[in-house]
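Trainee: The structure under discussion is supplied below as structure tokens; questions concerning it will follow.
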Amino acid sequence: MFHYLYDKAISWSKHPKAKYYLCFLSFSESSFFPVPPDVMLAPMCLADRKNSWHFALLTTFSSLLGGIVGYLIGFFIFDLINPWLQSTSYWDVYLQGRQWFNQWGAWIIFIVGFSPIPYKIFTISAGAASINLPIFIMASLIGRGLRFFLVAGIIVLGGDYLADTIKKYINTIGWVATFFTVIFLLVININ
């Protein structure tokens, strides 16, 4: 099952318009879409390692632009999306994000930008909390940049060995990732 998905992701990453899809995915994930750009960035880097840094840069800046849109959504139209947000599983994450902003300010944007926590909720929360926009931009740029350049760097440094190992163990990797995703979702829903 995961071999098929892996092969499909690699073939899509070689599409002539893959860079545009990567930018769109990175942009939309930062403000409204649930799929992180890493799922496209990693296969693109595996398929074309010499352009990995370029892909990481595109992902970073597209994500930053999407994050600014998320911030503006929170700043200007939060009252309109508030009822929808309350009806989703993201509401508790939003409330946690507000609490973290009160505690740590813009540092939380840096941390969330680097982590697998849903970034979009924090971009909207930052706008709703009126976090200083230039500080938000800097924290997002550094956090997101570190994350995406780390993905590209691991793939570049791993070279053919990493590509071959991933292909060989993709089913194990896929099931382990699925297991931890399910555990993560259960923990979020319990809290």
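The values are calculated or read from the model by the stated rules, or taken from the named source; none is laboratory data. No experiment lies behind these values; they were computed from the predicted model shown. Counting neighbours? That spans all protein chains shown, and the Cβs are built from the backbone with ideal geometry, glycine included.
Residues checked against (1) closer than 29 Å to Ala56 by Cα; (2) outside any helix (DSSP H, G or I):
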| position | (1), (2) |
| --- | --- |
| Gly74 | yes, no |
| Pro83 | no, no |
| Val93 | yes, no |
| Gly97 | yes, no |
| Gly113 | yes, no |
| Ile117 | yes, yes |
| Ala126 | yes, no |
| Met138 | yes, no |
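Trainee: Listed residues Leu22, Leu64, Leu41; which is in contact with a Gly (Cβ under 9 Å, 6 or more places away or on another chain) and either at negative phi or among the hydroxyl-bearing types (Ser, Thr, Tyr) (or both)?
Mentor: Only one candidate passes the filter, namely Leu64.
Trainee: With in contact with a Phe, Trp or Tyr (Cβ under 6 Å, 6 or more places away or on another chain), more than 19 Å from Phe32 (Cβ to Cβ) and modelled with pLDDT of 85 or more as the only criterion, which of Leu150, Leu146 stands out?
Mentor: Leu146 is the lone residue from the list that is in contact with a Phe, Trp or Tyr (Cβ under 6 Å, 6 or more places away or on another chain), more than 19 Å from Phe32 (Cβ to Cβ) and modelled with pLDDT of 85 or more.
Trainee: A follow-up question, please. On the basis of being under 22 Å from Cys23 (Cα atoms) and in contact (Cβ under 8 Å) with a residue 24 or more places away in the chain, does Phe78 make the cut?
Mentor: no
Trainee: Go through the stretch 42-71 and count every residue that is more than 20 Å from Ile142 (Cβ to Cβ) and not charged (D, E, K, R).
Mentor: So the count comes out to 7.
Trainee: Do any residues in the stretch 36-58 that are under 9 Å from Ser13 (Cβ atoms) and part of a helix (DSSP H, G or I) have Cβ atoms under 7 Å from those of residues that are modelled with pLDDT under 90 and basic (Lys, Arg), where the two are at least six apart or on different chains, and which pairs are they?
Mentor: Between residues of the stretch 36-58 that are under 9 Å from Ser13 (Cβ atoms) and part of a helix (DSSP H, G or I) and residues that are modelled with pLDDT under 90 and basic (Lys, Arg), the close pairs are Ala47/Lys14.
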